[in-house]
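Let me begin by presenting the structure, written as C-alpha cells, before commenting on it.
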Amino acid sequence: MRRLPPVLLEDGCSHDLISLIRTILAACKEISFRVGQGALSGVLGSTLDENIQGETQKKLDVLSNQLLKDILLESGYVKAIASEEEPGTVAGNPDAEYIVAFDPLDGSSNIDINSLVGTIFSVMRAPKDADPADPNIFLQKGDQQVAAGYVLYGPSTMLALTTGQGTRIFTLDKTQGTFLLTQDFAKVPEQTKEFAINTSNQRHWQPAMQNYITDLLAGETGPRGRNFNMRWIAAMVGDVHRVLSRGGLFTYPQDTKNPEKPYKLRLLYEANPMAMLIEQAGGLASTGYERIMDIEPEQIHQRVAVILGSKEEVEACLSYHK
C-alpha cells in the first residue's frame, strides 16, 4: 500500500500543497484519537454556547475547531481560514498561497451516541496580493478548489481526497500514524436503489422533492418500477462515504421549516468539497436547479440545497425539478 505523499507527487501536486494537506491530516489524527477515546477523554456533551450558525456547540466541536485552526495558522501554509465554528475568516500568513475552509466536526449530534462523525475541508488558491483579513477571498466557485476531502472517524479512520485527478480513499494505519491508499480511484455506480434523506422534514419539502420521494417509496408498483432502500446516518460524511463506496443518492433539500433558513448545508465547506469528491468519482452534485460547483458564493456561511450521488439517480431526481 502506498503512502499519501508519493501519490500526491505522482498527481503533480506542489510540495506546498502536499505539506498543507499533511498539516490538515495531522490535526485530523488528533481529532480521531479524541473521538476514539469518547467519554474517557472528557469531551462528550454540549457546551453552553452556540456557534455563528445558531447551533449548540458540542465540546468536540470546539476542540476540533481549535486544533485545525491552531495547526493551520502555525504552519505558515495558509493565508486565511474559514470554519463553520468561526463568525468570520481568520487571517494567516500574508505570503501563503492557499486558503482553507472546513467543517471541523460534521455530524456532531452523533458524538454522544458513538456514531459516525468527520471533518470536511476545501483548499483554494488565495488571490495574489489579497488582504488575508478580507473574507471575500473565499468567495470562489467550487470549480476553483485545488483539493477537497473529508476524514471519517468510524471503526477505522478514513480519508477521501481529490486534487482534481480522481477521488482516492486512504485508511489511517494507527500503528504508524500514516494514511495508506486503500482504493486508488473511487467510482460511484451510475445506478442505485438507495437514497438518504431526513424524512422527518417531509411535510416541509418543496413539491418536486415530495413527488420524487413519494415515487421512490411506491417501490416496484410505482412509476419507478423497483424497490428502494433508505439509509440515513445524520452526518454528511457518513452518507457521502456510503455513496462513494457503493453508490446512492444523498439529499438535504430546500424546506419551509424555518423560512429564514430554507437550506441546511453550507456551500463553501460542506457542499463544494463533497461535490468535487463526488464529481471526480463520476457522480453528480446539484441544488436541484444548478450544478453546485457553478455557484458564485455571496458569503462564507452561505447555505444551499444539496442533491448528489449516482449519476442516473441524480438525473432522475432533477427531472422532477424542471
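The values are calculated or read from the model by the stated rules, or taken from the named source; none is laboratory data. All values reported here derive from a predicted model rather than from experimental measurement. Positions of Cβ are generated from backbone atoms using ideal geometry, with glycine treated the same way; all protein chains shown enter the neighbour counts. Side chains are part of the model used for accessible areas, which takes the heavy atoms of the whole protein and leaves out ligands, DNA and RNA. Shrake-Rupley method; radii C 1.70, N 1.55, O 1.52, S 1.80 Å.
Would you call residue 218 open to solvent by less than 10 Å² (accessible area, probe 1.4 Å) and at pLDDT 95 or above? No. Among the residues of region 194-210, how many are open to solvent by less than 50 Å² (accessible area, probe 1.4 Å), touching an Asp or Glu at 6+ places or on another chain (Cβ under 8 Å) and not small (Gly, Ala, Ser)? Counting residues in region 194-210 that are open to solvent by less than 50 Å² (accessible area, probe 1.4 Å), touching an Asp or Glu at 6+ places or on another chain (Cβ under 8 Å) and not small (Gly, Ala, Ser) gives 4.
Exactly one condition in (1) more than 16 Å from residue 266 (Cβ to Cβ); (2) at pLDDT 95 or above; (3) surrounded by fewer than 23 Cβ atoms within 10 Å (Cβ to Cβ) is false for residue 78; which is it? Here residue 78 clears every test but (3). For residue 263, state whether it is closer than 23 Å to residue 100 by Cα and more than 10 Å from the chain's Cα centre (by Cα). When the stated conditions are applied, residue 263 passes them. Being without any contact (Cβ under 8 Å) to a residue 40 or more places away in the chain, open to solvent by less than 10 Å² (accessible area, probe 1.4 Å) and outside any loop (DSSP other than H, G, I, E, B) is a description that applies to residue 213. Annotation: of all residues in region 266-290 being of a type in the set (A, V, I, L, M, F, W, C) and open to solvent by 10 Å² or more (accessible area, probe 1.4 Å), the one that is farthest from residue 190 (Cα to Cα) is 276.
Is it the case that some residue within region 109-117 is modelled with pLDDT of 95 or more, buried (at least 20 other Cβ atoms within 10 Å of the Cβ) and under 19 Å from residue 157 (Cβ atoms)? Yes; the residues of region 109-117 include at least one that is modelled with pLDDT of 95 or more, buried (at least 20 other Cβ atoms within 10 Å of the Cβ) and under 19 Å from residue 157 (Cβ atoms).
If you go through region 163-190 and pick out every residue that is part of a strand (DSSP E or B) and among the aromatic types (Phe, Trp, Tyr), you end up with 2.
Candidates are the residues of region 43-53 that are within 21 Å of residue 301 (Cβ to Cβ) and open to solvent by 40 Å² or more (accessible area, probe 1.4 Å); the one that is modelled with the highest pLDDT is 46. Of all residues in region 160-193, those satisfying the criterion of being surrounded by 15 or more Cβ atoms within 10 Å (Cβ to Cβ) and charged (D, E, K, R) are 168, 173, 190, 193.
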